[in-house]
Every structure is written in structure tokens, then in C-alpha cells.
Amino acid sequence: MAHPILYLKKHEDLRLRKGHLWVFSNEIDNLRSPLAQFLPGDLVQVQSVDGKVLGTAYINPQTLVCARLLSRKGNLKCGANFFKERLATACNFREKLFDQPYYRLVSGEGDGLPGLVIDRFGAIFSVQITTLGMELRKQSLLDALIELFAPAAIVLKNDNPQRELEGLGLEPEMAYGKLPGQLVIEENHTRFKLDILAGQKTGWFYDHRNSRAFAASLAKNQRVLDLFCYTGAWSLPAALAGAENVTGVDASENAINLARENAELNNIDHKTRFIHSDVFDFLKQTRLNNEEFDLIILDPPALIKRKKDFKQGYEAYRRLNHLALQVLAKNGILVSASCSSHLSRDNLHELLRSSARHIDRHLTFFASGGQGPDHPIDPAIPETDYLKTYFCRVSPSL
């Protein structure tokens with residue numbers, strides 16, 4: 001049975017033809033295909049104004065991004081076989097990249113599965129579904145995961161606020177199996193305990209893996225400060241790489257407690273301290289105490305979640321970098337990152353330049369980074385290129 005047709009207005013097919021997967025509600029020809037006639041989550045065939053097939057999408061008439069393409073084919077069947085094929089393709093690629101099964105298995109649009117993120121922790125899979133169209137196909141997805149990987153457990157992490165926009169609940173679910181008493185993964189030669197159910201996002205952030213390794217290579221004999229340290233993904237490899245001492249700061253008490261456990265797990269608790277504090281307050285007090293650090297890592301959460309929050313979020317990023325520079329030792333290194341897709345690389349570049357000049361420092365970039373290869377970027381979808389990192393050498397003014 002053919003899918004109902006969703007017609008686009010004249011010229012509104014151009015972005016899809018260039019490779020993007022999203023259709024916005026204001027691009028629909030509501031006279032030929034009124035949005036109200038579609039059931040939320042249904043599959044539709046997307047056509048241009050002249051009737052050319054652009055692909056199969058799932059639709060939610062109640063959201064701004066009202067349709068997301070799953071295929072360029074017009075009548076895709078989206079069952080367990082579809083998910084098996086996409087998951088197998090994603091897994092084969094990751095197995096070329098990593099020796100151990102610790103990686104992002106599915107990264108949304110980058111893997112042709114919009115609205116879906118899956119992080120793999122060995123035999124444990126943490127799944128985040130953010131759209132109604134994907135939620136309605138959850139059982140087919142789970143069936144495919146179970147058949148392909150024979151997992152010990154599958155957790156549905158439903159705490160993403162985007163789910164609310166799609167009319168979905170936020171309670172996490174144990175979809176399959178049982179979590180072990182303690183889950184430990186390895187990254188950058190460091191072991192980490194994870195708390196998937198209580199942790200942020202999927203329970204871990206694989207995206208900065210390469211930048212964390214590079215930062216650790218710079219840490220020998222340095223006094224290291226890791227701001228928004230979470231459970232120690234930047235801090236602990238730096239300590240293992242020979243840092244003189246490492247200080248981690250985070251506002252989450254649960255994260256700080258787990259970071260301390262991870263330091264003990266790696267036998268480096270003697271050179272680490274983890275502080276439960278608001279980062280802005282910590283930086284202000286550190287400056288008053290005249291305390292300095294040789295290597296500062298600033299990796300905050302997304303401070304600009306929506307385009308309309310740009311001005312306020314940009315100011316927060318600027319203040320953080322400004323405060324961090326004020327407690328950086330002479331000829332120190334600042335690693336500054338942003339995971340906000342609404343803050344461009346050029347935006348981060350500019351606020352680092354202006355912050356350094358404001359306090360009369362000479363700042364240069366000696367390296368830059370982005371998301372790891374298990375977070376593939378679709379060149380037609382700018383939103384998939386969200387992570388940016390600058391490695392800055394900071395010296396007194398010339």
C-alpha cells in the first residue's frame with residue numbers, strides 16, 4: 001500500500017535535493033496535502049510541486065520540523081529489516097574505527113536514522129529516541145538490536161527535552177535485559193564507571209574522545225583544571241599522562257562522586273580533587289585566591305539550546321572563557337569547547353579573541369578539534385556538525 005503524499009511548495013524541494021533530510025511545516029503545500037490530514041508519526045511519500053518523488057519520511061504535523069526523510073525511495077517499509085540494515089552498516093563502520101565495543105553506534109541523521117541516538121557500552125546499549133516517528137517504530141528497532149547484538153541490556157534514555165516537543169514522556173525505561181551492578185568502560189587507556197540511568201544524555205559523551213586524548217598529551221607536569229568535568233573524561237587521562245595535579249569542577253553532586261570513584265578505580269586519587277560547585281562561582285573564588293592553572297579545559301554543556309537563546313548563551317560562553325583566562329598561568333593552555341550547534345566555530349573563535357584582548361593577553365590557536373568519527377557529519381546537514389574545540393596557547397601581551 002502506497003504511503004499518503006506530502007506535497008511541497010514550489011522551490012521548497014531544493015534543500016532536500018542537496019541532501020538534507022528535514023522538511024519544515026511552512027514548506028508544505030497545505031492546499032494539496034493539508035497537514036491536518038496526517039496522523040502524527042505516519043510514513044509519507046514526499047513529492048515536489050511537479051510530482052517528483054523525493055523520498056519516504058515520517059511526519060508529525062504538530063512540530064516545526066514536521067517530516068524527516070528515512071530514504072530517497074518513495075515507498076520504504078520501515079520494519080525490523082530496515083533497522084537491521086541501517087544498524088549493521090553503522091556497526092561495520094565503527095568496527096573499522098575502534099578495537100573495543102565502546103562507541104556511538106548510531107548518530108541520528110549522520111547514520112540515516114533521524115531522531116535516534118545509540119551509545120554502545122559493550123553488551124549494554126543506551127538508546128535515545130527524540131521523535132514520535134521513531135518512537136512508534138521502537139519495537140522494530142529493539143527487535144533488530146536484539147537480533148544483531150544479543151545485548152545484555154537496552155536502556156531507553158527518555159530525558160531529552162526535545163521529546164516534550166513531540167508529545168513524548170521523559171521517564172527512562174529498561175527496554176530489555178538487566179543492567180549489571182557496575183558498568184565499566186575504557187576510553188583513552190582510562191577506566192570509567194558509568195551510571196546510565198541517572199547520568200546525563202546517554203550516560204557518557206563519546207564525541208570528545210580524540211580531543212581528550214590530545215589534551216592528556218599536553219598535561220605532563222602541569223596543574224590541570226577541568227571545568228564541567230562530569231565524571232572525569234578529560235581529568236583522569238590527564239592525570240594518568242603525568243599531570244602534577246588535576247582539579248575537576250561540576251555542579252552535579254552525582255557526577256562529582258562518580259569522578260572520585262573513577263579516580264580511585266585508576267589509582268590516581270592522590271593527584272586529583274573533585275569539587276562540587278557552580279563553575280562561575282568557582283572561577284571567581286579562584287581568582288580572588290590568586291590560584292592559577294597551567295592547563296584549563298572548558299567543556300560546558302550546550303548553553304544555547306534554541307536560536308532565540310543565542311544572545312544570552314553567547315554571553316555565558318564569553319564570561320566563562322573570560323574568567324578561565326584570568327586564572328590561567330603565564331604561557332598556559334586553554335582548551336575551549338562548545339557543543340551548541342547554534343554557536344558556530346566562528347562565534348567561538350571571535351569570543352576567544354575578544355576575551356583575550358579584553359584582559360591584554362596574546363592568544364593563538366595551535367590546534368582545533370571536533371566530534372569523533374563515530375559522530376559522522378552529513379555535509380548537507382549543518383546541524384550534524386555541532387562540536388568545536390580550540391586549543392589555545394596564552395601568553396602575556398606582546
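We did not get these values from a lab; they are worked out from the coordinates using the rules stated. Being a predicted model, the structure only gives us computed values, none of them experimental. Positions of Cβ are backbone-derived with ideal geometry, glycine not excepted, and every protein chain shown enters the neighbour counts.
Before moving on, here are some points about what is shown:
- Distance (nanometres) between label positions extended 7 Å along Cα→Cβ at residue 149 and residue 344: 3.6 nm
- The chain: angle of helix 253-265 to the longest principal axis, Cα-based, in degrees nearest 10: 70 degrees
- Using alpha carbons only, the radius of gyration of region 208-277 set against its Kirkwood radius gives Rg/Rh = 0.93.
- Of 284/311; 18/73; 138/307, pairs whose Cα-Cα distance is over 25 Å: 138/307
- Each DSSP beta bridge with both residues in the chain is either parallel or antiparallel, and the antiparallel ones are about 65%.
- When the charge dipole of the chain is built from unit charges on Cβ atoms (+1 for Lys and Arg, -1 for Asp and Glu) and taken about the Cα centre, the candidate among 286, 196, 218 whose Cα reaches farthest toward its positive end is 218.
- Pairs of lysine residues in region 157-277 that meet both criteria, 8 or more places apart or on different chains and Cα atoms under 24 Å apart, total 8.
- The chain: angle of helix 345-358 to the longest principal axis, Cα-based, in degrees nearest 10: 20 degrees
- Here region 244-371 is assigned +1 on the Cβ of each Lys and Arg and -1 on the Cβ of each Asp and Glu. Its dipole about the Cα centre then comes out at about 700 debye.
- Along each principal axis, taking the top coordinate minus the bottom one, the Cα set of the chain gives 70, 47, 34 Å in descending order.
- Between helix 310-326 and the chain: long-axis angle, C-alpha atoms, 0 to 90°, nearest 10: 20 degrees
- Cut-off under 5 Å, modelled amide H: who pairs with residue 226 long-range: 247, 248, 249, 297
- Highest mean first, the peptides 117-127, 328-338, 227-237 sorted by other C-beta atoms within 10 Å per residue fall in the order 227-237, 117-127, 328-338.
- Net charge of neighbours whose Cβ lies under 14 Å from the Cβ of residue 264, counting Lys and Arg as +1 and Asp and Glu as -1: +3
- Rounded, prolate or oblate (a/c below 1.5 giving rounded, otherwise prolate when a/b exceeds b/c) for region 1-80 by Cα gyration tensor: rounded
- Contour minus Cα-Cα distance for residue 291 and residue 307 (0.36 nm per residue): 2.1 nm
- Annotation: the antiparallel percentage among DSSP beta bridges lying fully within region 147-261 is about 65.
- About the Cα centre, charge dipole magnitude for the chain (Lys/Arg +1, Asp/Glu -1 at Cβ), debye: 920 debye
- Mean residue ellipticity at 222 nm, helices only, the chain: -8500 deg cm²/dmol; runs of at least 4 DSSP H residues each add -39,500 (n - 2.57), and the sum is divided by the number of residues.
- Region 230-297 and region 348-389 have Cα centres spaced 23 Å apart.
- Three-way shape label, region 303-391, alpha-carbon gyration tensor, a/c 1.5: oblate
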